[in-house]
Amino acid sequence: MKRRSFLRKLTFSLLATTFPSLSWGGKKVKKEQSMNMVLHKNKSRGVADHGWLKSHHTFSFASYYNPDRMGFGTLRVINDDVVEPSMGFGTHPHNNMEIISIPLKGSLKHKDTMGNEHVIAKGEVQAMSAGTGLQHSEYNNSSKESVNFLQIWVKPKKQNIKPNYSQKKFDEKDRLDQFQLVVSPDGQKGSVEINQDAFFSLVSTNPNKELVYSKYSKDNGVYFFVLDGELDVGSEPLFKRDGLGIVNKDEIKILAKTYSELLIMEVPLEV
Amino acid sequence: MSKIVIIAGSNNKNLEVANEFKKSLTSKDVESEVLDLVSLNLPLYTPAAEVEGIPLEIAEYKKIIDNAQGFIFSIPEYNGGVPPVVTNFIAWISRSGDLNWRESFNGKPAALSSFSGSGGIQALVALRTQLSYIGLNTIGRQVRATYKEDLNLDDVNAVSDLLIQGMKS
């Protein structure tokens, strides 16, 4: 009995070496539980409906709590929020968190205790390093249409830094079939700077055009969040608002089946 | 700086009411700001906590209150009374280190509203007494909504008008 299983193992590992494309056959590893990969399907996200605010939480947030969904490395929160016209979040504080807002539809009015008062619209990315603490409010800037935006929280590299705020506009043309860096630790290539060794990129890709994402740092993990479309990341088929975290690969293939938009969040795994 | 500060005593239904007031004031070209008391997550005020130190952010909120020309409170009813976040917030403002803290409130108009499962009347009576005590001029007409009775936007508009009038006089 022992011998047989040994032989089986041997045969499979030989097959795997000779034909890398062959899988281990038979038993399928349940992907969602694999250590090197985590899959969060759109429908598995937490939902909150407050009337004026509809929110989908990829990870535990507010009234949605799932101990298995506490983030991906230093990536702690991905909220997909839809706010009714003129409604929003009243003045509230934050500290020691990197907060990135990305409007997907409509525009958002931001006001904070550093004296910033700005409107951020689709095409722009805003980052706030809360550090020692700040207060801000966020409102839908339109009185007619709802706003949809992503709010992403990343745990900071250094604690208790001086609060900082930045906002930049990115040309959608510069992300077609190529990775457009929008968030980085040093503001390289015109990106928004945050207090963490994290790199966020946006890409929109045409069908059947293969792209390869190469990590900035080998120690980081990469979390893919589908904004729109249908595509394969690695070998995993993903749909709108699905999330996939990959830990062990330095280069990851992306192949769109339809026109797709993807947010790539490369973050340190050690919290 | 905002002319009217709208204080929300819950961050679900009463924040929604607060946002409706903001909408109404914006349509009348009056600036306002919503303060979401639940999200502020302030420590509980006790004399012992005060000795340990006044939370740094209190100075920021005190500034917001000082600059306000009028207030709107939207609160749920807790056991026939005012929710702890509201009294706790007022307690910290009164112990912010400014001996003249009453000047932050004295003579300014305040409107009251409540979204509450239990009707909110008793909470508003209790709040009215306290707001008068700290020096605010509370407006008689108030706004109420429950899960059975939807928020009446005409009420919101009318009370907003009364508050604006109160700021001018």
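Residues in region A:105-116 that are touching a strand residue (DSSP E or B) at 6+ places or on another chain (Cβ under 7 Å), within 14 Å of chain B (Cβ to nearest Cβ) and open to solvent by 40 Å² or more (accessible area, probe 1.4 Å): A:K109, A:K111, A:T113, A:M114. Checking each residue in region B:33-44 for being more than 8 Å from chain A (Cβ to nearest Cβ) and surrounded by 23 or more Cβ atoms within 10 Å (Cβ to Cβ) picks out only B:L37.
Would you check if there is a residue in region B:74-86 being modelled with pLDDT under 95 and of a type in the set (D, E, K, R)? There is no residue in region B:74-86 that is modelled with pLDDT under 95 and of a type in the set (D, E, K, R). Kindly establish whether B:A145 is within 13 Å of the chain's Cα centre (by Cα) and either in contact (Cβ under 8 Å) with a residue 12 or more places away in the chain or open to solvent by 30 Å² or more (accessible area, probe 1.4 Å) (or both). The answer is no for B:A145.
Within region B:94-142, the set of residues being of a type in the set (D, E, K, R), under 14 Å from B:L163 (Cβ atoms) and buried (at least 18 other Cβ atoms within 10 Å of the Cβ) comprises just one member, B:K108. Just name the residue that is nearest to A:N220 (Cα to Cα) out of those in region A:62-79 that are open to solvent by 10 Å² or more (accessible area, probe 1.4 Å) and assigned to a strand (DSSP E or B). Here the residue is A:F72. Kindly provide the set of residues from region A:123-142 that are open to solvent by 10 Å² or more (accessible area, probe 1.4 Å), free of Cβ contacts under 8 Å to residues at least 40 places away in the same chain and touching an Asp or Glu at 6+ places or on another chain (Cβ under 9 Å), ordered by number. Residues satisfying the conditions do not exist here.
Checked against the criterion of being of a type in the set (A, V, I, L, M, F, W, C) and facing chain A (nearest Cβ under 10 Å), region B:74-86 has no qualifying residue. Over 19 Å from the mean Cα position of the chain (by Cα), under 26 Å from A:H57 (Cβ atoms) and not polar (S, T, N, Q) - does that describe any residue in region A:162-180? Looking through region A:162-180, at least one residue is over 19 Å from the mean Cα position of the chain (by Cα), under 26 Å from A:H57 (Cβ atoms) and not polar (S, T, N, Q). Report yes if some residue within region A:95-107 is under 23 Å from A:L263 (Cβ atoms) and at pLDDT below 95; otherwise report no. No, that holds for no residue.
If B:V30 meets every condition in (1) part of a loop (DSSP other than H, G, I, E, B); (2) more than 20 Å from A:S142 (Cα to Cα); (3) within 14 Å of another protein chain (Cβ to nearest Cβ) apart from one, which number is that one? Going through (1) part of a loop (DSSP other than H, G, I, E, B); (2) more than 20 Å from A:S142 (Cα to Cα); (3) within 14 Å of another protein chain (Cβ to nearest Cβ) one by one, B:V30 breaks only (2).
Scanning region B:1-22 for residues that are open to solvent by 10 Å² or more (accessible area, probe 1.4 Å) and facing chain A (nearest Cβ under 10 Å) yields B:N11, B:N12, B:K13, B:E16, B:E20, B:K22.
The rows are residues; the columns are (1) surrounded by 24 or more Cβ atoms within 10 Å (Cβ to Cβ); (2) more than 12 Å from chain A (Cβ to nearest Cβ).
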{"position": "B:S24", "(1), (2)": "no, no"}
{"position": "B:T46", "(1), (2)": "no, yes"}
{"position": "B:V51", "(1), (2)": "no, yes"}
{"position": "B:A59", "(1), (2)": "no, no"}
{"position": "B:I72", "(1), (2)": "yes, no"}
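Looking at region A:165-184, is at least one residue within 14 Å of chain B (Cβ to nearest Cβ), in contact (Cβ under 8 Å) with a residue 40 or more places away in the chain and open to solvent by 20 Å² or more (accessible area, probe 1.4 Å)?
Of all residues in region A:165-184, those within 14 Å of chain B (Cβ to nearest Cβ) come to none.
For region A:165-184, residues within 14 Å of chain B (Cβ to nearest Cβ), in contact (Cβ under 8 Å) with a residue 40 or more places away in the chain and open to solvent by 20 Å² or more (accessible area, probe 1.4 Å): absent.
If the condition is being open to solvent by 60 Å² or more (accessible area, probe 1.4 Å) and charged (D, E, K, R), then region A:231-249 contributes A:K240, A:K249.
Within region A:190-215, which residues are of a type in the set (S, T, Y) and surrounded by 16 or more Cβ atoms within 10 Å (Cβ to Cβ)?
Within region A:190-215, A:S191, A:S201, A:S204, A:T205, A:Y213 meet the criteria.
Evaluating B:I65 against the criteria (1) under 16 Å from A:M87 (Cα atoms); (2) under 11 Å from the mean Cα position of the chain (by Cα) leaves one unmet condition, (1). Listed by first and then second residue, the pairs with beta-carbon distance under 7 Å, at least 6 apart or on different chains, first residue in region A:82-104 and more than 14 Å from every other protein chain (Cβ to nearest Cβ), second open to solvent by 30 Å² or more (accessible area, probe 1.4 Å) and among the hydroxyl-bearing types (S, T, Y), are A:V82/A:S146.
The values are calculated or read from the model by the stated rules, or taken from the named source; none is laboratory data. All figures in this text were calculated on a predicted structure; none of them were measured in a lab. Glycine also receives a Cβ, built like all others from the backbone with ideal geometry; neighbour counts cover every protein chain displayed. Surface areas here come from the heavy atoms of the whole protein model, side chains and all, with no ligands, DNA or RNA. Shrake-Rupley method; radii C 1.70, N 1.55, O 1.52, S 1.80 Å.
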